[in-house]
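What follows is a set of notes on a single structure, which appears directly below.
The values are calculated or read from the model by the stated rules, or taken from the named source; none is laboratory data. It should be emphasised that the depicted structure is a prediction, and the values quoted were computed from it without experimental measurement. Here Cβ is always computed from backbone atoms with ideal geometry, including for glycine, and neighbour counts include all displayed protein chains. All accessible areas refer to the heavy atoms of the entire protein, side chains included, with ligands and DNA or RNA removed. Shrake-Rupley method; radii C 1.70, N 1.55, O 1.52, S 1.80 Å.
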Amino acid sequence: MKKNKINISIFGATSLTAVELLKLLSKHHSINIKHLISDSAPGKKLNQIFPQFINIYNDLKLTKLDFGKNKLQKFDFFQS
């Protein structure tokens with residue numbers, strides 16, 4: 001049986017708490033990081049800011065909070 005992945009949005013994605021959360025989540029295959037929200041580094045890739053994620057989160061980009069654009073009305077989990 002195929003499991004559905006849990007969608008994750010992380011607010012304050014450049015914080016130390018978010019970095020620790022991303023480390024923990026990288027070990028779980030049942031999650032999907034949908035949004036990394038950051039006011040300080042929108043448009044940058046996560047691994048540009050945190051090189052330790054180069055081989056883990058290659059395509060994740062940070063975005064600025066925009067409920068219309070990011071469709072954040074529904075998500076399973078968020079961290080702030």
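Might you let me know whether region 63-75 holds any residue that is surrounded by 15 or more Cβ atoms within 10 Å (Cβ to Cβ) and at pLDDT 85 or above?
Within region 63-75, one or more residues are surrounded by 15 or more Cβ atoms within 10 Å (Cβ to Cβ) and at pLDDT 85 or above.
Restricting to region 52-69, name every residue that is assigned to a loop (DSSP other than H, G, I, E, B) and aliphatic (A, V, I, L, M).
Narrowing region 52-69 to residues assigned to a loop (DSSP other than H, G, I, E, B): 54-60, 64-66.
Across region 52-69, the qualifying residues are 54, 56, 60, 65.
Taking region 14-51 as the region of interest, how many residues are in a helix (DSSP H, G or I) and at pLDDT below 90? Talk me through it step by step, then tell me what you get.
Of region 14-51, the ones in a helix (DSSP H, G or I) are 16-25, 46-49, 51.
Checking which are at pLDDT below 90 leaves us with none.
Residues flagged as in a helix (DSSP H, G or I) and at pLDDT below 90 within region 14-51 amount to 0.
Considering region 5-43 alone, what residues qualify as being open to solvent by 100 Å² or more (accessible area, probe 1.4 Å) and touching a Ser or Thr at 6+ places or on another chain (Cβ under 8 Å)?
Within region 5-43, 5, 34 meet the criteria.
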